[in-house]
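**Q** Pasting a structure here, questions to come.
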């Protein structure tokens, strides 16, 4: 059963607003084994809206439409769907009484414009809206099921959960199980090449999609079908094993956790503390590490030593070293990691120094050149990296690489 | 000319991801007087995608499609559109050379999977992609214009601006002028109340929309019509003046700049340097300040002193003070700001200490309690704040408030 979500409202076609209800609806639908095949946004134009309904009726069996049920001139969802289906609108006195009562409780008279909310498409069930005047509608025709719901999140959420989901779950539509594997340190194309044998052996009922952002990749596995949960999980386990065999050096999470959460768990597990020395990341590394609840158990501090004077004063990086090698150098990264470990008395010191751009690059030291060092009780390791993209991307990839270096060090258990 | 934006990608049909490129595309289209009539999201299913293309060709004259141009199995946009249009794909050696060269510069061989990116729909122009391997395509048929663009924001943005917009602007369709006013320190409902008189006097042709996120508000003014640019600007000036009269204490930007950019300009203008001492923001304050190109001119460092030991060792916050008042206290915030100013030799010291949650709150010191202090040559000011929301929201609002305190201090010119 193909499912389509339609969001109605001219404001959703401006640069300032975005449909977010569909994310919530999708969570609920996935929970009962339904995926979404199409999402459409259309304005308050009756002709455009009629086209969208006709298209949806042609390609989808379940249609969830939100918005355009209000009392104003440009709310035309109810009327338009009735026209497209060739059905009449019926005036419902019980809805009028309910809306009047709602206004009365607030000490107001019902404005005449709300009368239009009392019309219902013939044959539709009315879905009660405890948080607003617009009732919802549920139409179960021969081939289609259609829900019309209001747009405001606080109105649509309880209506979807209390009225729409139970109606859909009643004719059990199967099972959906999702998993997310996350990777770093690998390009998208290389991942695809390594995934070739995996793609060739995806079990029935499972779909595999991949997603890439600078420094981060994820593989989403989705089982959808009528199998019992245990069988679906076994099937996913098998596929996950194949992916691990192909990509293990780059996989950091099998449950969708982000890299800072994975690193945090490892630090806790190993009983180690960390302190950072950041130059080009400017605090992003500390921000990410402290984004994890409970991070005070292992994160001591980050010295965001942007100026050379701060590198020297806070971490004891020799002035002569900075003059000889520059602040963006393997020597500086090493001295920063060692310095922050020593001055903070942490088990591990992690440093980043580089050129985030857009200015400050030279031929020998181009924008995107970033040194990362990790100092521990038995030594210090430095890597030289060259990241591409703008300032924000260089910062993001630098923090990602630094966290991954920390992760690998913790796993090795040195 | 009806315009449709199509976003391709199965991940965009999950609860975890959302198309945001369309907002940026809409801004650009609006700038040349074009509105958007339909937005569609579809997964990596060739059959669904073909349906979506057929629908779009039937109802829209301009079609902007993004995503599905990558090297992977499930990238099928190019192939599907060719099929729907009944056109052939042509292999282009010049694209192959360009992609190979891109990999070579990074010291890698091109994986074979990238070969599919060298195919072009016959009759289409190739749009260069400086930030990725996937070239874009531009098809100008008799009735339609179609752009195929890659999905990653950093790839699609320059391609849209440099290749698509100029092609569209060539047949200009009217005038659209937008302005963005940004505010902080005010709730959304309070802003709405204060805006009442403004709403009552909006000139013809201008629309006003507002947008709220934790700690940040923006008001968008959009002129759309056939007036000459000078008349539209005058009309917008008048409206902007009314908004400034109603809301000036909270406005920090009249040109859409973010708060860290505004603060950066003020620091430069006044010739002042700043250093931060961060506890609960964990580096976010430094990260934001260093997100502005050229920030090394005024940002010296941030001491992310998460542990009490770091507060004492780095900034000289007395151990006894922390024991008596706690790390989340006005006294600690004050000592941190004074301490970082002194030890970094900056003109201004800015500190944040609070409870980001979800744990660590008590009745006397609840989650969301945050002290912010600013130390300067003539004294120190501390504020007590209570922010609502989860860990990320508390961190975001704390950094926003700290930057706004710094902004106000710089404006006063003390």
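Here, each number is a calculation from the coordinates, and none is a lab measurement. Quick caveat, the model's predicted, so the values are computed rather than measured. Every residue, glycine as well, gets a Cβ built from its backbone with ideal geometry; the counts of neighbours run over all protein chains shown.
**Q** With a cut-off of 8 Å between alpha carbons and a minimum separation of six or more residues, what is the relative contact order of chain A in percent?
**A** It comes to 11 percent, rounded to a whole number.
**Q** Follow-up. Take peptides A:31-39, A:264-272 and line them up by average Cβ neighbours within 10 Å, highest first, as a rough protection proxy.
**A** Order by mean packing, descending: A:31-39, A:264-272.
**Q** Here's something else I'd like to know. Report, in degrees rounded to the nearest 10, the 0 to 90 angle that the Cα long axis of helix A:229-247 makes with the longest principal axis of chain A.
**A** 30 degrees
**Q** Semi-axes of the equivalent ellipsoid for the range A:59-118, please: Cα gyration tensor eigenvalues, times 5, square-rooted, ordered largest first, whole Å.
**A** Here the semi-axes work out to 26, 12, 11 Å.
**Q** Could you rank the peptides B:386-394, A:11-19 by their average count of other C-beta atoms within 10 Å per residue, with the highest value first?
**A** A:11-19, B:386-394
**Q** Could you state the principal axis extents of the C-alpha atoms in the range A:224-325, from the largest down, to the nearest angstrom?
**A** The Cα atoms of the range A:224-325 stretch 67, 30, 23 Å along their principal axes.
**Q** Follow-up question, since we're still on this one. What relative contact order, as a whole-number percentage, does the range A:259-412 give when Cα pairs under 8 Å and 6 or more residues apart are counted?
**A** 25 percent
**Q** Apply the Debye scattering formula to the range B:136-273, with a single equal point scatterer on each alpha-carbon and no solvent, then give log10 I(q)/I(0) at q = 0.09, 0.22 Å⁻¹.
**A** Debye output, listed in q order: -0.41, -1.21.
**Q** Compute the Kirkwood hydrodynamic radius of the range B:177-253, taking the inverse of the mean of 1/r over all pairs of distinct Cα atoms, and give it in Å to one decimal.
**A** 12.7 Å
**Q** Further question: Using only Cα atoms, find the angle between the long axis of helix A:330-344 and the longest principal axis of chain A, and express it within 0 to 90 degrees, rounded to the nearest 10.
**A** 80 degrees
**Q** Per residue, how big is the convex hull around the C-alpha atoms of the range B:3-169? Give it to me in cubic angstrom, could you?
**A** Dividing the Cα hull volume of the range B:3-169 by its residues yields 114 Å³.
**Q** What is the average number of partner chain Cβ atoms found within 10 Å of a Cβ in A:376-382?
**A** 0
**Q** While we're here: Could you tell me what fraction of 2.2 N^0.38 Å the Cα radius of gyration of the protein assembly as shown comes to, as a two-decimal ratio?
**A** It is 1.00.
**Q** Once every DSSP H run of n ≥ 4 in the protein assembly as shown is given -39500 (n - 2.57) and the sum is divided by its residues, what mean residue ellipticity at 222 nm do you get, rounded to the nearest 500 deg cm²/dmol?
**A** Mean residue ellipticity at 222 nm (helix-derived): -12000 deg cm²/dmol.
**Q** Further, regarding this structure: Taking each residue of A:45-55 in turn, how many C-beta atoms of other protein chains fall within 10 Å of its C-beta, and what is the average?
**A** 3
**Q** Let me ask something additional. Quick one: divide the alpha-carbon radius of gyration of chain B by 2.2 N^0.38 Å and tell me what you get.
**A** Against the empirical 2.2 N^0.38 Å value, I get 1.21 for chain B.
**Q** So how long is each side of the range A:259-412 along the principal axes, counting just the alpha-carbon atoms, biggest first, in Å?
**A** On the principal axes, the range A:259-412 reaches 43, 31, 24 Å in Cα extent.
**Q** Considering only C-alpha atoms, what is the centroid distance from the range A:79-125 to the range B:39-104, in Å?
**A** 45 Å
**Q** Based on the Cα atoms of the range A:38-86, what semi-axes does the equivalent ellipsoid have, where each is the square root of 5 times one gyration tensor eigenvalue, given in whole Å with the largest first?
**A** After diagonalising the Cα gyration tensor, the semi-axes are 18, 11, 10 Å.
**Q** On to the next question. If the convex hull of the alpha-carbon atoms of the range B:260-301 is projected onto planes in all directions, what is the mean projected area in square nanometres?
**A** The Cα convex hull of the range B:260-301, projected and averaged over all directions, gives 2.6 nm².
**Q** Still on this structure: The range A:226-277 to the range A:324-350: how many Å between their Cα centroids?
**A** Here the answer is 30 Å between Cα centres.
**Q** I'd like the mean, over residues of B:3-9, of how many other protein chain beta carbons sit within 10 Å of each residue's own Cβ.
**A** Counting Cβ atoms of other protein chains within 10 Å of each residue's Cβ and averaging gives 1.
**Q** So what's the angle, to the nearest 10 degrees on a 0 to 90 scale, between helix A:93-105 and the longest Cα principal axis of chain A?
**A** Taking the Cα atoms of chain A, the angle to A:93-105 is about 50 degrees.
**Q** Neighbour counts of other C-beta atoms within 10 Å: give me A:45, A:109, A:128 arranged from fewest to most.
**A** In increasing order of surrounding Cβ atoms, one gets A:109, A:128, A:45.
**Q** What does DSSP give for the range B:1-133 in terms of the percent of beta bridges that are antiparallel, rounded to the nearest 5?
**A** So the antiparallel bridges in the range B:1-133 amount to around 25 percent.
**Q** Report, in whole Å, the centroid distance computed from the Cα atoms of the range B:10-30 and the range A:7-23.
**A** 10 Å
**Q** Sort B:143, A:76, A:244 so that the residue with the fewest other Cβ atoms within 10 Å of its own Cβ comes first and the one with the most comes last.
**A** Arranged by neighbour count, lowest to highest, B:143, A:76, A:244 become B:143, A:244, A:76.
**Q** Based on the Cα gyration tensor of the range A:366-414, what are the three equivalent ellipsoid semi-axes, each the root of five times an eigenvalue, rounded to whole Å and given largest first?
**A** The equivalent ellipsoid of the range A:366-414 has semi-axes of 24, 11, 6 Å.
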